[in-house]
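The values are calculated or read from the model by the stated rules, or taken from the named source; none is laboratory data. Small disclaimer: the values here were computed from a predicted structure and weren't measured. Every residue, glycine among them, receives a Cβ derived from its backbone with ideal geometry; neighbour counts consider all protein chains shown.
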Amino acid sequence: MLTINQVSRRSGVAASALRYYEERGLIASERAGSGHRRYERAVLRRVAFIVFAQRVGLSLDEIREELDKLPTDHVPKGDDWARLSENWTKRIDERIAEMERLKRGLTECISCGCLSLETCALTNPADRAGRLGPGPRYWVGSRG
């Protein structure tokens, strides 16, 4: 059994986050006679899964749904964890594509520097910034 501080140190996750995960039903602890939390060593894999899943973009509700699919008759093994994450490839690819689009858009806007081009329809419909003067009007605080 591990204390909350041991789990925190081993996982790199703050004790407050571990308490929150427990409140949300993502992990579980037992209480010692003193009332302190004690975690099974297997909780470290659950915490690692939670951290990874959040980085992939899953919400805590989605993570709980995934964790609920784990077997309850034994401590989950590598195959059990692999089954949960096998459908994430598409989601990761979608996030990569989104980040690439953001990167391209950011590069175009920075290289332009004015944010007043008519082609910036999302940020600057009908070239509103162009009426405020030259240069990066939105970046220097002007709003139209």
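The residues on offer are ARG55, ARG101, ARG45, and the sole one that is assigned to a helix (DSSP H, G or I) and either closer than 30 Å to ALA129 by Cβ or in contact (Cβ under 8 Å) with a residue 40 or more places away in the chain (or both) is ARG101. Across segment 26-41, the number of residues qualifying as surrounded by 11 or more Cβ atoms within 10 Å (Cβ to Cβ) and at pLDDT below 90 comes to 2. Looking at (1) at pLDDT 80 or above; (2) over 30 Å from ARG46 (Cα atoms); (3) of a type in the set (Val, Ile, Thr), which one does THR89 not meet, given that it meets all the others? Here THR89 meets the rest and fails (2).
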